[in-house]
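Everything below concerns the one structure shown next.
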Amino acid sequence: MEDKNWVVHPSVLEKLERRMHQPHPASTGTTTDRVQREVDNLNASPGSLTGIDCPKCKNKGLIYERDGDYVVSHECDCMSARREQWRIEKSGLGDSLKVCTFEAFQTPNAWQKSLKESALRFLEDKTGAWFFAGGQPGAGKTHICTAIVGALLKRGMAARYMLWKDEATYLKAHINDDVYETRVSELKTVPVLYIDDFFRTPYAEDGTRKKPTPGDINLAFEILNARYVNRLTTLLTSERTIDDLLDCDEAIGSRIYERCKGYTHNLAPDRRKNWRLAT
């Protein structure tokens, strides 16, 4: 069975689920032979699902069987793989999930081992904790958080990736449109949210990063406070540390500080940690 790039729209999955286990009489007669013929015809007919070429259900997502004088259906095994692929496509991480795995995360140094061990512990945490990795660029922050998201996707959890600067810029430009409410609502409620490069801003003349704009602060608080109240799994990476975030806005920073207890990694500046500069 070969995986390809595709998306199964949620409405297709909903229709399949509604049809499961709903018996319906065979079209003509009730004899065993006639019912079996209808089962055979249904199983032989091709479906319209794409991405995985399943010889068992012929891309219908359903398997038909005879139950007395009725034809019944149950979900094909391929649907679990189809759902996982849909979750991956919906997450926004795509091919990064294939590259940024726990297996591929190298740990020659103590700080890398600590980061990886913390991420693995986080996967087993059931308290609604958050995960934060901040500081030194190029130190594997995005890699380890992507690996966490990949593991959660495989467990059946829906996830969303948010590159802060790009998404925030788009949302602020559409604050008076319906698209704002729709997209922000998703960010507030998706079971797993990964915010990358949180509060990334240009440098000022004195070499420090500029503070986030009031619009950034308002957007971040709206999203993070909703997730804080509902204890939804949230991961954040940033070139800022927790102390920097507290200086930006204490209401936001303190919520991150509280939820990330036990899973906070402030990586001190050290260019030797930047894998992009490795020779």
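Structural remarks
- Degrees, to the nearest 10: 110-123 long Cα axis against longest axis of the chain: 40 degrees
- Which of Trp275, Trp164 has the fewest Cβ neighbours within 10 Å, and the rest in rising order: Trp275, Trp164
- Using Cβ point charges alone (K and R +1, D and E -1), the dipole size of the chain about the Cα centre works out to roughly 480 debye.
- Lysine pairs with alpha-carbon atoms under 14 Å apart, the stretch 92-277, spacing 8 or more or separate chains: 8
- Here, P(r) means the percent of Cα pairs in each 10 Å bin from 0 to the largest distance; for the stretch 203-243 it is 22, 46, 25, 7.
- Between 0 and 90 degrees, the angle of helix 78-91 with respect to the longest Cα principal axis of the chain falls at about 30 degrees.
- Gain on full stretching of the segment that runs from Asn41 to Thr189 - 0.36 nm per residue minus C-alpha separation: 49.0 nm
- Counting every other Cβ atom within 10 Å of each residue's Cβ, Tyr161, Tyr194 order from fewest to most as Tyr161, Tyr194.
- Sorting Arg240, Arg271 from the fewest to the most surrounding beta carbons within 10 angstrom yields Arg271, Arg240.
- Gap separating the Cα centres of the stretch 55-73 and the stretch 180-205, nearest whole Å: 44 Å
FYI, it's all coordinate maths here, none of it is from the lab. Every value quoted in this text rests on a predicted model; they were computed, and no experiment measured them. Here Cβ is always computed from backbone atoms with ideal geometry, including for glycine, and neighbour counts include all displayed protein chains.
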